[in-house]
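Have a look at the structure below before the remarks.
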Amino acid sequence: MKIEALDIRKYFGPVRANDGITLTVEPGSIHGLLGENGAGKTTLMKILTGFISADGGETRLDGRPVRFASPAESIRHGIGMLHQEPLDFPPLKVLDNLLLAFEDRLIPGRQQVRRVLEELCRRFNFSIDPDARVNTLTVGERQQLEILRLLALGAEVIILDEPTTGISAPQKVLLFATLRRLAKEEGKSVIFVSHKLEEVEELCDRVTVLRQGKVTGHIEAPFRAEQLVQLMFGQSLLRSDRSRVPLGEPALELQDVTVQTYRLTVSHMSLAVRAGEVIGLAGLEGSGQRLMLRACAGLQRPSSGRVRLQGDDFTRRSYRDFLAAGVAYLPAGRIEEGLIRGLTLTEHYVLTQRGHQPLFIDWVGAAEGMQHKIAEFNIRGQSGTPVEALSGGNQQRALLSLLPPVLKVLAMEHPTRGLDIESAMWVWEQLLERRKSGTAILFISADLDELMEHSDRIIVFSGGVMASPIDAAATSIEELGYLIGGVRDNS
Amino acid sequence: MDSILLIRTLASIVRGATPLIFAGIGETITEKAGVINLSLDGTILLSAMVAFAVTYTTGSVILGFIAAMLVGALMALIVAFGSITLRQDQVAIGFVLTLLGAEMSSFLGNPFVRLKGPSVPHLPIPYLADIPIIGPIFFNHNLVVYLGYALIIFSWFYIFKTQPGLKLQGIGERPEAAFARGSNVNLMRYVYTALGGALVGFAGASYSLSIKLGWSHRHTAGNGWIALAIVIFGGWHPFRVAFGAYLFGSLKSLSSIFQRVAPGIPSQFFNGAPFALMIIVLLLVSSGWLDRLLIRLPVRLRRLVHDALLGAPPGGLGRVFVKE
């Protein structure tokens with residue numbers, strides 16, 4: 001099915017999210033939609049799938065104008081969307097998730113849907129257990145399930161919003177193969193929304209680049225990376241060079257640490273992280289890396305083993321003691337765990353002041369202090385801005401600005417998840433600056449490029465087993481990808 | 001204790017748990033849809049009063065039940081309107097309604113205090129009631145108790161085995177995803193909140209017309225809170241809710257037995273004991289203690305025990321759904 005968007009406009013107050021976007025996707029092709037965060041990609045896709053309505057413009061399917069009042073209506077017309085976070089029901093069973101999508105019958109035809117699911121799984125080489133609960137599946141399997149649901153509902157146009165975030169390397173290979181097959185063999189139209197250049201280059205036949213709500217170019221494959229970057233940012237960006245700093249004394253040591261929770265046990269972890277060293281923690285979500293990181297920061301009590309900070313035993317000490325010793329933890333849920341919704345930047349500034357504080361707050365001084373940080377960290381916001389009003393990148397900047405000036409250990413979950421390339425580069429500049437003063441950095445990331453580019457050593461977690469650290473300089477992205485997937489490379 | 005007394009005690013537990021089953025399952029349905037109706041205690045009081053008043057005035061038990069269900073549905077609709085349409089805090093609305101319902105039942109129910117009125121007639125089920133032990137415990141009651149059994153099974157079947165039930169789970173777990181699949185989330189939330197409320201109203205009527213006959217001030221006070229606790233204890237599953245209701249009933253009759261055995265201890269102790277025990281049980285099933293217990297079990301058993309003991313609240317519970 002051919003889908004056309006003509007002069008689509010959508011304004012949110014003064015923000016022109018979509019400012020006259022025109023785009024045609026031919027059946028049998030994979031069409032990339034590229035742009036940094038806030039370029040208007042997601043808004044456009046939500047308009048095409050009936051989640052929001054456009055302020056102006058027209059959508060056509062095979063030349064006929066259509067207008068959808070809801071996503072259910074758009075799927076009836078054959079347009080299905082796979083959301084970044086799969087829009088499914090985690091506590092329900094796989095089969096029930098599929099059943100929920102179908103038309104009303106009092107007693108659903110379980111056996112029939114089971115057959116449909118098994119047949120689709122065979123067709124695409126997926127292996128999904130119909131009786132498993134969705135929250136026991138990986139993000140990649142949940143995506144597969146969503147794709148199957150859309151196909152079962154008869155989708156002819158499939159839109160994927162940043163589908164490679166949080167899935168493993170083998171799953172990505174399978175996903176790409178599936179998309180190619182859908183487009184080339186089954187004649188579907190596939191729209192692939194991404195901010196990752198390499199993926200678009202690898203997969204797409206044609207790409208439309210968006211910047212600030214406008215189309216900056218339609219390009220056919222083969223693509224030139226510099227050209228795409230220029231269209232995305234209006235300028236060329238240079239990757240920072242990796243500079244090594246001399247490593248100091250061990251800042252953090254784990255000695256045969258075991259962490260146990262109901263879901264997962266990670267046992268016998270031993271590691272010494274030296275001052276100024278950067279350790280990347282890789283693995284599928286829920287493989288144990290988060291437990292390990294939390295144990296390092298005193299947020300998760302080990303059931304056995306020792307945790308030492310600069311030689312001192314901190315094993316059963318409280319998180320406050322860890323903080324006082326110069327350990328900081330930046331969680332992935334920036335607004336959920338890292339910041340306090342409803343409080344302004346200045347109020348955060350006051351809350352993070354250490355040492356003895358007077359009973360009455362010096363608001364003028366605090367606002368000035370925060371102003372300095374805002375200027376220094378280039379945060380787009382005012383000192384009186386509530387944190388939830390900041391964009392993801394600015395929330396991360398705010399979190400970094402609130403860290404104490406001297407740190408021994410900095411533990412981070414996904415330091416650049418959801419950030420555009422420019423913000424991500426800026427974040428890493430800040431982090432690498434810190435290790436010059438002897439801060440050891442441990443970070444979790446699902447982005448293999450990020451792990452390879454910034455880590456000194458990488459530790460792969462797989463099903464609760466911590467592998468021994470590998471030297472980032474001596475490995476490759478492919479090898480890392482297969483280690484994460486739990487498949488050993490034989491060569 | 002001889003066996004006749006034991007059977008009689010068990011029968012009274014089954015009978016006494018009936019209103020809690022109606023209220024608990026009603027609230028479970030409401031919460032499955034993602035709405036918290038906290039007004040249970042007030043709703044039960046008001047509907048118990050209205051049921052008795054209507055039955056006393058008209059002589060019809062059926063009209064009493066219908067009136068009580070209307071009262072329950074109406075109270076629930078206030079919660080739905082306030083939270084879904086006006087987007088106000090569900091907990092605050094429910095709490096205020098609890099107080100309002102209690103006060104109104106005292107005020108409006110004043111003329112009906114300590115009167116003798118009609119009640120649901122005793123109705124042993126032929127043949128079944130003659131089965132030794134089981135018969136007298138389960139089948140020697142009245143229609144309300146039997147409807148309770150039916151509700152347990154029917155609500156389980158509806159929620160977990162039918163298409164509309166699946167959609168009900170969907171709108172409570174993840175309203176955005178249900179909306180994307182074509183559910184009218186807010187309309188369905190209205191419907192299930194009202195339906196749940198009507199069942200809570202039925203629970204109120206079953207007190208004044210079947211279990212604790214008549215009306216007095218604060219006639220059923222406290223039972224609404226117990227029903228809310230049972231919903232959590234029951235992990236939002238009808239079978240476990242029913243089990244919770246029977247467990248609470250057992251604790252209550254145990255305490256009355258102990259009261260007879262040890263008359264020296266103040267009766268308040270035994271009256272309060274089931275509530276305290278309920279708190280302890282709740283703590284056990286909904287805290288990290290269970291996690292610690294689970295890791296000591298063999299891996300094979302963990303998942304089973306975990307599923308049997310722990311129930312997670314619907315993912316979208318208490319969260320207003322706003323279409324973008």
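Read-outs throughout are calculated quantities, based only on the coordinates presented, and are distinct from any laboratory measurement. Given the structure is predicted, the values throughout are model-derived calculations rather than measurements. Note that each Cβ is placed from the backbone with ideal geometry, even for glycine, and that neighbours are counted across all protein chains shown.
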Completion exercise
Phi-derived 3J(HN,Hα) across the range A:415-425 with the Karplus relation (6.51, -1.76, 1.60, θ = phi - 60°), rounded Hz, x for Gly and Pro, is x, 10, 4, x, 8, 6, 4, 4, 5, 4, 5
Handout entry: Kirkwood-based Rg to Rh ratio, the range A:158-306, C-alpha trace
Key = 1.12
Practice task
Could you pull out every residue, at least 5 positions away or on a different chain, whose amide H is within less than 5 Å of the one on residue A:441? Hs are placed 1.01 Å off N in the peptide plane, and Pro or chain starts have none.
Solution key: A:276, A:277, A:278, A:279, A:410
Completion exercise
Expected sort for A:370, A:232 with the fewest Cβ neighbours (10 Å cutoff) up front is A:232, A:370
Completion exercise
Candidate cut points under trypsin sites (Lys or Arg not before Pro) in the range A:32-113, DSSP loop plus at most 16 other Cβ atoms within 10 Å of their own Cβ, are A:67, A:105
Problem - Leading residue at positive end of dipole, the range A:3-233 (Cβ point charges), from A:89, A:175, A:222 - result: A:89
Practice task
For the range A:343-403, give the magnitude of the charge dipole about the Cα centre (Cβ charges: +1 Lys/Arg, -1 Asp/Glu; no others), in debye to the nearest 20.
Solution key: 160 debye
Handout entry: Net charge of Cβ neighbours under 9 Å - reference residue A:251; Lys, Arg +1; Asp, Glu -1
Key = -1
Practice task
Per DSSP H run of at least 4 residues, take -39500 (n - 2.57); add these up for chain B, divide by its residues and hand me the 222 nm value, nearest 500 deg cm²/dmol.
Solution key: -23000 deg cm²/dmol
Completion exercise
With residue A:124 itself left out, Lys, Arg at +1 and Asp, Glu at -1 over residues whose Cβ is under 15 Å from its Cβ give +3
Fill in the blank from the handout: Sequence order, the range A:86-95: Karplus ³J(HN,Hα) from phi using 6.51 cos²θ - 1.76 cosθ + 1.60, θ = phi - 60°, Hz rounded, Gly and Pro as x, gives x, 8, 10, 10, x, x, 7, 7, 3, 4
Practice task
Report, in order of residue number, the helices in chain B meeting two criteria: a C-alpha extent of 18 Å or more along the helix axis, and a mean Kyte-Doolittle hydropathy of at least -1.0; treat each whole DSSP H run as one helix.
Solution key: B:3-32, B:40-58, B:61-80, B:90-108, B:143-161, B:185-206, B:238-261, B:267-286
Exercise for the section: Would you mind ranking A:296, A:121 by Cβ crowding within 10 Å, fewest neighbours first? Expected result: A:121, A:296
Completion exercise
Cα-based Rg/(2.2 N^0.38 Å) for the range A:343-403, rounded to two decimals, is 1.05
Practice task
Mind putting a number on the dipole of chain B about its Cα centre? Charges go on the C-beta only, +1 for Lys and Arg and -1 for Asp and Glu, and I need it in Debye to the nearest 20.
Solution key: 420 debye
Handout entry: Residue-by-residue Karplus 3J(HN,Hα) for the range A:376-383, coefficients 6.51, -1.76, 1.60, Hz, glycine and proline x
Key = 5, 9, 6, 8, 8, x, 9, 5
Handout entry: Cα-Cα pairs of chain A separated by more than 41 Å (percent)
Key = 25 percent
Handout entry: Ranked A:376, A:162, criterion: other C-beta atoms within 10 Å, fewest first
Key = A:376, A:162
Exercise for the section: Quantify how strongly other chains surround peptide A:69-77 by giving the mean number of their Cβ atoms within 10 Å of each of its Cβ atoms. Expected result: 3
Practice task
Count the net charge of all other residues whose Cβ sits under 13 Å from the Cβ of residue B:221, scoring Lys and Arg as +1 and Asp and Glu as -1.
Solution key: 0
Problem - Partners for residue B:32 among lysines (Cα-Cα distance below 17 Å; same-chain residues under 8 apart left out) - result: A:93, B:161, B:167
Fill in the blank from the handout: Out of B:111, B:298, B:136, a Gaussian network model of chain B with alpha-carbon springs under 10 Å gives the largest mean-square fluctuation to B:298
Fill in the blank from the handout: Any residue on another chain or 5+ positions along whose placed amide H is under 5 Å from the amide H of residue A:304 is listed here as A:258
Practice task
Mind jotting down the three principal axis lengths of the range A:108-216 based on Cα atoms? Whole angstrom, largest first.
Solution key: 49, 28, 23
Practice task
Tell me, rounded to the nearest percent, the portion of alpha carbon pairs in chain B spaced more than 38 Å apart.
Solution key: 15 percent
Completion exercise
Across B:240, B:300, B:189, the residue with the highest GNM fluctuation in chain B (Cα network, 10 Å cutoff) is B:300
Practice task
Before rounding to the nearest 500, sum -39500 (n - 2.57) across all DSSP H runs of length at least 4 in chain A and divide by the residue total; then give [θ] at 222 nm in deg cm²/dmol.
Solution key: -9500 deg cm²/dmol
Completion exercise
Listed by chain and number, the residues whose amide H is under 5 Å from that of residue A:159, excluding neighbours fewer than 5 places away on the same chain and using placed H, are A:80, A:81, A:82, A:191
Exercise for the section: Give me a single rounded figure for A:79-90: the average over its residues of other chain Cβ atoms within 10 Å of their Cβ. Expected result: 3
Practice task
Within 10 Å of each Cβ in peptide B:177-188, how many partner chain Cβ atoms are there on average? Round it to a whole number, please.
Solution key: 5
Fill in the blank from the handout: For chain A, percent of DSSP beta bridges that are antiparallel (nearest 5) comes out at 55 percent
Problem - Estimated dipole of the protein assembly as shown in Debye, rounded to 20 [Cβ of Lys and Arg +1, of Asp and Glu -1, Cα centre] - result: 2360 debye
Exercise for the section: Considering the options A:481, B:226, A:154, tell which one lies farthest towards the positive end of the dipole of the protein assembly as shown, charges being +1 on Lys and Arg and -1 on Asp and Glu at the Cβ, about the Cα centre. Expected result: B:226
